[in-house]
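Asker: Here it is: the structure, laid out below.
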Amino acid sequence: VQLQASGGGLVQPGGSLRLSCVASGSIASRNEMGWYRQAPGKPRELVAALTSGGRSNYADSVWGRFTISRDNAKNTVYLQMNSLKPEDTAVYYCNLVQGLIPRASYWGQGTLVTVSS
């Protein structure tokens, strides 16, 4: 399984960005795709995740500002980020989890989001 993320960049506070991540390879029909981020000197943290069945999960810090969506037919997950804040600056990683035993987790290469004036 390979994940290719795109859409990062530099944006001013209050602005918006949309991240995309395309998964390829042996993708199970039941899976969870999501976004994590890692700021300098901080651990990687969950931003948002969405199962193929439509169940979503968001970090409290992005609730109401970020929206995760997916196109199951295209194995693609999106993260619409609105009202961006400087503290949202981080490398954003796409993640896919599938399977039960074993449960497999795959990561994309990361895309940098910088929120600065």
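The values are calculated or read from the model by the stated rules, or taken from the named source; none is laboratory data. The model shown is predicted, which means the values in this text are computed figures rather than measured ones. Every residue, glycine as well, gets a Cβ built from its backbone with ideal geometry; the counts of neighbours run over all protein chains shown. The accessibility values were calculated without ligands, DNA or RNA, using every heavy atom of the protein model including side chains. Shrake-Rupley method; radii C 1.70, N 1.55, O 1.52, S 1.80 Å.
Asker: Taking residue 76 as the residue in question, decide whether it is open to solvent by less than 50 Å² (accessible area, probe 1.4 Å) and farther than 14 Å from residue 3 by Cα. Step through it out loud before you land on a result.
Answerer: Values: open to solvent by less than 50 Å² (accessible area, probe 1.4 Å): yes; farther than 14 Å from residue 3 by Cα: no.
Taking the combined requirement at face value, the residue does not satisfy it.
Asker: For the list (1) at pLDDT 95 or above; (2) touching a Gly at 6+ places or on another chain (Cβ under 6 Å), I need the number of the one condition that residue 44 fails.
Answerer: (2)
Asker: Of all residues in region 16-50 being touching a helix residue (DSSP H, G or I) at 6+ places or on another chain (Cβ under 9 Å) and assigned to a loop (DSSP other than H, G, I, E, B), which is farthest from residue 96 (Cα to Cα)?
Answerer: The selected residue is 39.
Asker: Between 64, 25, which is farther than 30 Å from residue 86 by Cβ and open to solvent by 50 Å² or more (accessible area, probe 1.4 Å)? Spell out how you get there, then give the answer.
Answerer: Numbers: 64 fails: farther than 30 Å from residue 86 by Cβ.
Every option except 25 fails the conditions.
Asker: Can you find a residue that is in contact with a helix residue (DSSP H, G or I) (Cβ under 9 Å, 6 or more places away or on another chain) and surrounded by 15 or more Cβ atoms within 10 Å (Cβ to Cβ) anywhere in region 86-95?
Answerer: First, the residues of region 86-95 that are in contact with a helix residue (DSSP H, G or I) (Cβ under 9 Å, 6 or more places away or on another chain): 87-88.
From the residues that got through so far, the ones that are surrounded by 15 or more Cβ atoms within 10 Å (Cβ to Cβ) too are 88.
Yes: region 86-95 contains one or more residues that are in contact with a helix residue (DSSP H, G or I) (Cβ under 9 Å, 6 or more places away or on another chain) and surrounded by 15 or more Cβ atoms within 10 Å (Cβ to Cβ).
Asker: Moving on to the next point. Just to be sure before I move on: is residue 111 open to solvent by less than 40 Å² (accessible area, probe 1.4 Å), touching a residue at least 24 places away in the same chain (Cβ under 8 Å), within 16 Å of residue 9 (Cβ to Cβ) and of a type in the set (Val, Ile, Thr) in the structure I sent? Before the answer, list the steps.
Answerer: Working: open to solvent by less than 40 Å² (accessible area, probe 1.4 Å): yes; touching a residue at least 24 places away in the same chain (Cβ under 8 Å): yes; within 16 Å of residue 9 (Cβ to Cβ): yes; of a type in the set (Val, Ile, Thr): yes.
Answer is yes for this residue.
Asker: Among the strands (runs of 3 or more DSSP E) confined wholly to region 55-117, which include 3 or more residues that are under 10 Å from residue 35 (Cβ atoms)? Break it down into steps so the answer makes sense when it comes.
Answerer: Values: elements: 56-58, 66-71, 76-81, 90-98, 104-107, 111-115.
It comes to 76-81, 90-98.
Asker: Would you tally the residues in region 37-60 being surrounded by 15 or more Cβ atoms within 10 Å (Cβ to Cβ) and either within 17 Å of residue 84 (Cβ to Cβ) or touching a residue at least 60 places away in the same chain (Cβ under 8 Å) (or both)?
Answerer: Looking only at that region, the number is 5.
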